[in-house]
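A.B. asks: This is the structure, below, for whatever I ask next.
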Amino acid sequence: MQQPADSNNGCRMIRAIIFDLDGTLADTEPLHFEAFARVLRGEGIELDRAQYFSRLIGFDDRDCFATVLRESGRGVASGSLAALIARKAAVYQELIAGRDVTFPGAADFVRRCARRFPLIVATGTLRVEAELILNRAGVRELFVDIIAAEDVEHGKPAPEGFEKALGRLGFLLRLRPPLEPAECLVIEDTVAGIEAARRAGMRVLALCHSGRPEELKGAEIVRNSLAETDLDELLREFSR
């Protein structure tokens, strides 16, 4: 696996890339909203689309349901929360079944990255859902592993998912010297994801799939999409 040359200005070079999934590689956020809305409607709660996309996007299923229930004056018992998550997972998997939901150009960008870097996914979605999407896109084998919702106690904006991704890369690849957080490039699309990556000490490229550029200012670089992102140009930007 070829590594890019280090820069002369003392900046750490990128040695690994961590991809978010929903809203970054896959155009699935509207499908997540639909699944949440269906399940919550059955509970007598109408989920507002604008509120979801402005405040809840980037949360994992547990945190999203817990927030909505709490704000609706409902109790958040672990048993009922688990049942809601299971119902939402069934609806969501039905919505994505048999569909390639990856953004145009995303799979090609992943392939270009995989020729030069180890890759891993850190996502708030369930592992079975992530596997389904990546396999359908034909890129699952390009990722060392997946850190999914069930692998963390605290979802984004907590840094736990990215910290576990770093640990998994180090454990599986035995990189020498050991991989440092600042040598990891995170590709994200939400404010919560950007905050999580920065709290983990990582570099961030944000994509304007789910928010406006001004909302993503916590990232070092913002691009419209992966289809419009040149990998070599991106690496030069991060080496400055």
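A.B. asks: Failed condition for residue 63, given (1) assigned to a helix (DSSP H, G or I); (2) in the same structural domain as residue 170 (by TED's automatic domain parsing); (3) in contact (Cβ under 8 Å) with a residue 40 or more places away in the chain, with all others met?
C.D. replies: It is condition (2) that residue 63 fails.
A.B. asks: Criterion first (touching a Cys at 6+ places or on another chain (Cβ under 7 Å) and part of a helix (DSSP H, G or I)) does residue 235 satisfy it? I'd like the intermediate steps shown before the answer.
C.D. replies: Working: touching a Cys at 6+ places or on another chain (Cβ under 7 Å): no; part of a helix (DSSP H, G or I): yes.
Spelling it out, it is not the case that residue 235 is touching a Cys at 6+ places or on another chain (Cβ under 7 Å) and part of a helix (DSSP H, G or I).
A.B. asks: Answer with yes or no whether residue 38 is in contact (Cβ under 8 Å) with a residue 40 or more places away in the chain, assigned to a helix (DSSP H, G or I), not aromatic (Phe, Trp, Tyr) and not assigned by TED's automatic domain parsing to the domain that holds residue 228. If you could, list the steps in order and put the result at the bottom.
C.D. replies: Working: in contact (Cβ under 8 Å) with a residue 40 or more places away in the chain: yes; assigned to a helix (DSSP H, G or I): yes; not aromatic (Phe, Trp, Tyr): yes; not assigned by TED's automatic domain parsing to the domain that holds residue 228: yes.
Yes.
A.B. asks: Looking only at residues that are buried (at least 16 other Cβ atoms within 10 Å of the Cβ) and touching a Pro at 6+ places or on another chain (Cβ under 7 Å) in the range 215-237, which one is farthest from residue 55 (Cα to Cα)?
C.D. replies: 235
A.B. asks: Within the range 79-111, which residues are among the small types (Gly, Ala, Ser), surrounded by fewer than 18 Cβ atoms within 10 Å (Cβ to Cβ) and within 20 Å of residue 37 (Cα to Cα)?
C.D. replies: Correct list: 79, 80, 82, 83, 86, 90, 97.
A.B. asks: May I ask you to say which residue of 183, 214, 220, 233 is within 18 Å of residue 58 (Cα to Cα), outside the structural domain of residue 57 (by TED's automatic domain parsing) and not hydroxyl-bearing (Ser, Thr, Tyr)? Break it down stepwise before answering.
C.D. replies: Working: 183 fails: within 18 Å of residue 58 (Cα to Cα); 220 fails: within 18 Å of residue 58 (Cα to Cα); 233 fails: within 18 Å of residue 58 (Cα to Cα).
Criteria check complete, one pass: 214.
A.B. asks: Please count how many residues of the range 192-207 are of a type in the set (Val, Ile, Thr) and either at positive phi or within 11 Å of the chain's Cα centre (by Cα) (or both). Before you say what the answer is, go through the steps one by one.
C.D. replies: If we filter the range 192-207 for residues that are of a type in the set (Val, Ile, Thr), which is where we start, we get 194, 204.
Keeping just the survivors that are either at positive phi or within 11 Å of the chain's Cα centre (by Cα) (or both) gives 194.
Total meeting the criteria: 1.
A.B. asks: Separate question: Could you tell me which residue of the range 18-28 is surrounded by the most Cβ atoms within 10 Å (Cβ to Cβ), considering only residues that are touching a His at 6+ places or on another chain (Cβ under 8 Å) and farther than 12 Å from residue 192 by Cβ?
C.D. replies: So the residue we want is 24.
Residues are listed down the side, and each one gets a yes or a no for (1) under 25 Å from residue 239 (Cα atoms); (2) surrounded by fewer than 18 Cβ atoms within 10 Å (Cβ to Cβ):
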site: 127; (1), (2): no, yes
site: 143; (1), (2): yes, no
site: 151; (1), (2): no, yes
site: 157; (1), (2): no, no
site: 166; (1), (2): yes, no
site: 183; (1), (2): yes, no
site: 201; (1), (2): yes, yes
site: 213; (1), (2): yes, yes
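A.B. asks: Condition check: aromatic (Phe, Trp, Tyr) and farther than 13 Å from residue 20 by Cβ. Does residue 143 satisfy that? Give the derivation first.
C.D. replies: Numbers: aromatic (Phe, Trp, Tyr): yes; farther than 13 Å from residue 20 by Cβ: no.
Against the criterion (aromatic (Phe, Trp, Tyr) and farther than 13 Å from residue 20 by Cβ), residue 143 does not qualify.
A.B. asks: Right, residue 73: over 22 Å from residue 162 (Cα atoms), surrounded by fewer than 14 Cβ atoms within 10 Å (Cβ to Cβ) and touching a Leu at 6+ places or on another chain (Cβ under 8 Å) or not? Please lay out each step first, then the result.
C.D. replies: On the way: over 22 Å from residue 162 (Cα atoms): yes; surrounded by fewer than 14 Cβ atoms within 10 Å (Cβ to Cβ): yes; touching a Leu at 6+ places or on another chain (Cβ under 8 Å): no.
Here the answer is no, as residue 73 does not meet what is asked.
The values are calculated or read from the model by the stated rules, or taken from the named source; none is laboratory data. Computed from a prediction, not measured in an experiment: that's the story for all the values here. Ideal geometry is used to build each Cβ from the backbone, glycine not excepted, and the neighbour counts take in all protein chains shown.
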